[in-house]
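The values are calculated or read from the model by the stated rules, or taken from the named source; none is laboratory data. The structure presented is a predicted model; accordingly, all values stated were derived computationally and were not measured. Don't worry about glycine lacking a Cβ; one is built from the backbone with ideal geometry, like all the others, and counts go over all protein chains shown.
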Ligand SMILES: NC(=O)c1ccc[n+]([C@@H]2O[C@H](COP(=O)([O-])OP(=O)(O)OC[C@H]3O[C@@H](n4cnc5c(N)ncnc54)[C@H](O)[C@@H]3O)[C@@H](O)[C@H]2O)c1
């Protein structure tokens, strides 16, 4: 949805990064953005290549406190989180800061609770980055979103991968959490 919103606002190119094939395929088919699998490629190198060596103008972190990452930093972040030495795992924020072009903007959309470790403040300062974040301002944006939907510019049906009854609620939440069976969203309908 962040990628689609950026496209509706007229950006030239959007690249979505994840590691699940079904989610990346959804992005290519239903959103029309380019994709990168972070387990298959060196994300920073690919983004530099795609942007003529400069880096993206804006990097949106849409992962949040439970970020996964390849390599030893994942173990490091998990241990620190479980020992309560940090509340959140900031792998995707770090990557966004390193990837962003000088003078660019890093937006934290994923939910964070509190404190993080190994935050590349030096890169923020030396690259003159703007850091932003927000909870969605529902009252401000929902009328605009509904207008886009009524014009067919924004579609969400593909996200509802699992339609279930209310009684299957706990199972639906578990499938969403574990991303089982390609679950992107479990939608509950009485009597489904
Ligand atoms: N700011 C807001 O108003 C707002 C609104 C909605 C959701 N959120 C937050 O946004 C975040 C994402 O929400 P969602 O519903 O899309 O969650 P989701 O679990 O459906 O998707 C998160 C995706 O991030 C991927 N991911 C994990 N680590 C990654 C990494 N290092 N690099 C790239 N991708 C990685 C996962 O594979 C997964 O596909 C959550 O933290 C959610 O709470 C914030």
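What do you reckon, is residue 68 near the ligand (Cβ under 10 Å from one of its atoms), touching a residue at least 24 places away in the same chain (Cβ under 8 Å) and surrounded by 13 or more Cβ atoms within 10 Å (Cβ to Cβ)? Lay out the reasoning, then the answer.
On the way: near the ligand (Cβ under 10 Å from one of its atoms): yes; touching a residue at least 24 places away in the same chain (Cβ under 8 Å): yes; surrounded by 13 or more Cβ atoms within 10 Å (Cβ to Cβ): yes.
So residue 68 passes the test.
Being closer than 25 Å to residue 183 by Cα, crowded, with 16+ Cβ neighbours inside 10 Å, in contact (Cβ under 8 Å) with a residue 12 or more places away in the chain and touching a helix residue (DSSP H, G or I) at 6+ places or on another chain (Cβ under 6 Å) is true for just one of 106, 63. Which residue is that?
The conditions single out 63.
Listed here are the residues, each with its yes/no results for (1) under 23 Å from residue 32 (Cα atoms); (2) within 16 Å of the ligand (Cβ to nearest atom); (3) surrounded by fewer than 12 Cβ atoms within 10 Å (Cβ to Cβ); (4) modelled with pLDDT of 95 or more.
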residue: 138; (1), (2), (3), (4): no, yes, yes, no
residue: 143; (1), (2), (3), (4): no, no, yes, yes
residue: 187; (1), (2), (3), (4): no, yes, no, yes
residue: 190; (1), (2), (3), (4): no, no, yes, no
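Of all the residues that make up the range 71-100, how many are under 26 Å from residue 46 (Cβ atoms) and surrounded by 19 or more Cβ atoms within 10 Å (Cβ to Cβ)?
13
Kindly evaluate residue 114 against the criterion of being in contact with a strand residue (DSSP E or B) (Cβ under 6 Å, 6 or more places away or on another chain) and assigned to a loop (DSSP other than H, G, I, E, B).
Numbers: in contact with a strand residue (DSSP E or B) (Cβ under 6 Å, 6 or more places away or on another chain): no; assigned to a loop (DSSP other than H, G, I, E, B): yes.
Against the criterion (in contact with a strand residue (DSSP E or B) (Cβ under 6 Å, 6 or more places away or on another chain) and assigned to a loop (DSSP other than H, G, I, E, B)), residue 114 does not qualify.
Do you know which residues across the range 27-46 are more than 10 Å from the ligand (Cβ to nearest atom), within 27 Å of residue 135 (Cβ to Cβ) and in contact (Cβ under 8 Å) with a residue 40 or more places away in the chain?
Selection gives 30 alone.
Kindly establish whether residue 147 is at pLDDT 95 or above and surrounded by 12 or more Cβ atoms within 10 Å (Cβ to Cβ).
Judged against the criteria, residue 147 is not a match.
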